[in-house]
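The values are calculated or read from the model by the stated rules, or taken from the named source; none is laboratory data. Source: prediction; values computed, not measured. Note that we place each Cβ from the backbone using ideal geometry, even for glycine, and neighbour counts take in every protein chain shown.
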């Protein structure tokens, strides 16, 4: 009977030392087979690690492990050789870099799952309902998933016979297999910004370089295979020729020969391809006076948009022309006009030309007008911006000018939020891309998608939604709260994604709210809780701020939601996926609904 | 029967342990990465020696954390400390790459610091990074030689915001809400 005592004693020790995370950890499936994990899946530097034995037991590989830590994974058509603690692997003799080295964790060898998925051409899918990662044959990258807001049913079981090619509604493809991308076509679209579309089969990373002598823009497309295309000669004020060539076995190089060095903007299309736009060229800037009205004149390929700031002591008017390149260098000249004493022009940012007028008496810009082909004039009102505004208001009262109204989404049906007007504010936009991810994803694009989904959810629940922008356009941080108050909004919800100075480390969701406002705080708490529940990223809590520009011009409950970190490679992949964007929008919507239902009188 | 009693006691303990384990669920989302933190500072501060804090963000963007430097704080020294960046691993720079302090001037209790355009052009964006950059600068300098507020300038211009979130068009005071402790 002593043996029985000993066995029991061992059982107690076992029960005490059993890893407690097992109950809460992720499951792993290969196809429809659940992998019986002995330890919870670990994550290292943002990469999920899976045990090596999964290769043998679920993926049909043969394993050879030497005492020196050399690992051979032999498949019928390929052999992968890795070495413990080394961040490289050989596949059929070709060396690949690993994000994380194979290593020993909790007594077993673990390897990065993304690399394996790439080599075997598998997708890695996260199924939220099961809290499981699934390695399976590739499917389209989350497509169709979210476009359809009707999808409501969530299969509770992976094996619940989903149609081939369709994912359960709550699953997210977090890593697709690398496709062979090749350059399909270079399309010159022209226009005032000399637009060019580089047609690629799927999304790729890229690097750009603006070079001089001769002036040219070089874009290296990473991971693009196949043949280069013949050069394209174009008749354009800026671009003369577009060439492509193979730079190395992983990189295709595109060179734009330019007549003059200029700023540019590259916009990746999520479905593949890059759009390149060059800045407006600004030349012959000067000041003059006509009938007592001072005006700025310049030549440009098209009318640029500008922002202005009026500064006191000394009195200056600063005009920033957006998406422009100054041709002919900076300028700093005295002028002898009644109101203006000096003109300074410089390329302030790569895509912004700054014009500074040193003033003797205050002036304010009126509307930009075209004065002959390619020539523009900006007349000034002699007076302070306030006086100019009053003057313009008076003018508008006499001569009502059609003004672009903010986009309003009327309630789609009666619902729990009927009677509520909600301002949805997608951060950044237009010339301001916001944060930029590893793959070149722009914050302005991600947050617009999430905001439009959010607006649709809210309208379905009976709310009237006013967007501060509903397309890719620049709206200043001061106009945003104004749009909300003009529409009589009851709540202000700004949607952003985050970034950190050290890229690729910080992760998670946080919500900022107007400080010293208990209602905003309750709204933030409710939205943060529901959003974190929906997208299961790390909860970075809610934070009170009294210095956010968008909270300043309004006194309604206001929050700013930072859905995730765009500079973290894994979160970037999620934030780009329409399926994830929809889930995030639904989380924010549920938070708003819960806040309203719990707090309405 | 002595062993029977012992067996009974063990059975009871086993049932108790299993019950407790089955009731106690760990939080699902919390990922804890064990971090070994070296002692308080690379330079040991001796008793009575003067020292001052310079604030840097943690790698995970949670907080600004003071890193103490030996000596008497001056505006020049703190600006140099900010440019040089943190000495600890797990802390990251406040300033985006290549950012330099071009000039500074003190008017009353307000310190005007004129940064190179890299403060904006090389800034990664995101409200968290913006908060940490601004208050990394402000918190480190407030308190030095009678500085109560800091006005950030870029290319000698007063901006509305650096990257679109926080207002910096007026002098800012210290923000205590984002100072955290670490390695606890």
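Answer yes or no as to whether residue B:36 is more than 8 Å from every other protein chain (Cβ to nearest Cβ), at pLDDT below 70 and over 28 Å from residue B:133 (Cα atoms). In short, no. So which of A:109, A:104 ends up being part of a strand (DSSP E or B), farther than 14 Å from residue A:61 by Cβ and over 28 Å from the mean Cα position of the chain (by Cα)? On inspection, the qualifying residue turns out to be A:104. Annotation for segment B:90-111: at least one member residue is within 12 Å of another protein chain (Cβ to nearest Cβ), surrounded by fewer than 17 Cβ atoms within 10 Å (Cβ to Cβ) and within 25 Å of residue A:496 (Cβ to Cβ). Filtered by the rule that a residue be touching a residue at least 12 places away in the same chain (Cβ under 8 Å) and surrounded by 18 or more Cβ atoms within 10 Å (Cβ to Cβ), segment A:540-553 gives A:540, A:542, A:543, A:545, A:548, A:549, A:550, A:551. Restricting attention to segment B:74-85, does a residue exist that is at pLDDT 85 or above, out of contact with any strand residue (DSSP E or B) (no Cβ under 6 Å at 6 or more places or on another chain), surrounded by 11 or more Cβ atoms within 10 Å (Cβ to Cβ) and farther than 24 Å from residue B:130 by Cα? Yes. In the set (1) crowded, with 24+ Cβ neighbours inside 10 Å; (2) in contact with a helix residue (DSSP H, G or I) (Cβ under 7 Å, 6 or more places away or on another chain); (3) under 18 Å from residue A:571 (Cβ atoms); (4) more than 10 Å from chain B (Cβ to nearest Cβ), residue A:501 fails one condition alone, (4). For segment B:117-133, the condition of being away from chain A (no Cβ under 13 Å) and either outside any helix (DSSP H, G or I) or on the phi > 0 side of the Ramachandran plot (or both) holds for none of the residues.
Of the strands (runs of 3 or more DSSP E) lying entirely inside segment A:498-601, those containing at least 3 residues that are under 17 Å from the mean Cα position of the chain (by Cα) span A:558-565. Residue count for segment A:189-205 under the criterion of being over 25 Å from the mean Cα position of the chain (by Cα) and surrounded by 17 or more Cβ atoms within 10 Å (Cβ to Cβ): the result is 1. Kindly indicate whether residue B:65 is in a strand (DSSP E or B), more than 11 Å from every other protein chain (Cβ to nearest Cβ) and within 27 Å of residue A:438 (Cβ to Cβ). Yes. It is to be established whether one or more residues within segment A:211-220 are at pLDDT below 80 and on the phi < 0 side of the Ramachandran plot. Looking for residues that are at pLDDT below 80 and on the phi < 0 side of the Ramachandran plot, one finds none in segment A:211-220, hence no. The one condition from (1) surrounded by fewer than 19 Cβ atoms within 10 Å (Cβ to Cβ); (2) within 14 Å of chain A (Cβ to nearest Cβ); (3) in contact with a helix residue (DSSP H, G or I) (Cβ under 9 Å, 6 or more places away or on another chain); (4) more than 14 Å from residue A:547 (Cβ to Cβ) that residue B:149 does not meet is (4). Of everything in segment A:452-469 that is over 13 Å from residue A:495 (Cβ atoms) and out of contact with any helix residue (DSSP H, G or I) (no Cβ under 7 Å at 6 or more places or on another chain), the residue that is surrounded by the most Cβ atoms within 10 Å (Cβ to Cβ) is A:463. Do the conditions hold for residue A:484, that is, is it closer than 23 Å to residue A:547 by Cα, at pLDDT below 95 and assigned by TED's automatic domain parsing to the domain that holds residue A:530? Answer is yes for this residue. Comparison of A:472, A:445 shows that the only residue that is within 30 Å of residue A:222 (Cα to Cα), more than 14 Å from chain B (Cβ to nearest Cβ) and in contact with a helix residue (DSSP H, G or I) (Cβ under 9 Å, 6 or more places away or on another chain) is A:472.
Specify which of the listed residues (A:545, A:540, A:576) is within 30 Å of residue B:93 (Cβ to Cβ) and away from every other protein chain (no Cβ under 12 Å).
Only one candidate passes the filter, namely A:576.
Which of the residues spanning segment A:475-498 are within 10 Å of chain B (Cβ to nearest Cβ) and touching a helix residue (DSSP H, G or I) at 6+ places or on another chain (Cβ under 8 Å)? If the condition is that a residue be within 10 Å of chain B (Cβ to nearest Cβ) and touching a helix residue (DSSP H, G or I) at 6+ places or on another chain (Cβ under 8 Å), then A:477, A:478, A:494, A:496, A:497, A:498 are the ones that fit. Of all the listed residues (A:54, A:7), the sole one being within 11 Å of chain B (Cβ to nearest Cβ), in a helix (DSSP H, G or I) and either within 31 Å of the chain's Cα centre (by Cα) or modelled with pLDDT of 60 or more (or both) is A:7.
Matching residues to (1) touching a strand residue (DSSP E or B) at 6+ places or on another chain (Cβ under 7 Å); (2) in a strand (DSSP E or B); (3) within 30 Å of residue A:225 (Cβ to Cβ); (4) touching a residue at least 12 places away in the same chain (Cβ under 8 Å):
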site: A:265; (1), (2), (3), (4): yes, yes, yes, yes
site: A:277; (1), (2), (3), (4): yes, yes, yes, yes
site: A:284; (1), (2), (3), (4): yes, yes, no, yes
site: A:294; (1), (2), (3), (4): yes, yes, no, yes
site: A:318; (1), (2), (3), (4): yes, yes, no, yes
site: A:328; (1), (2), (3), (4): yes, no, no, yes
site: A:341; (1), (2), (3), (4): yes, yes, no, yes
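Just one of the listed residues (A:208, A:240) is outside any loop (DSSP other than H, G, I, E, B) and more than 28 Å from the chain's Cα centre (by Cα), namely A:240.
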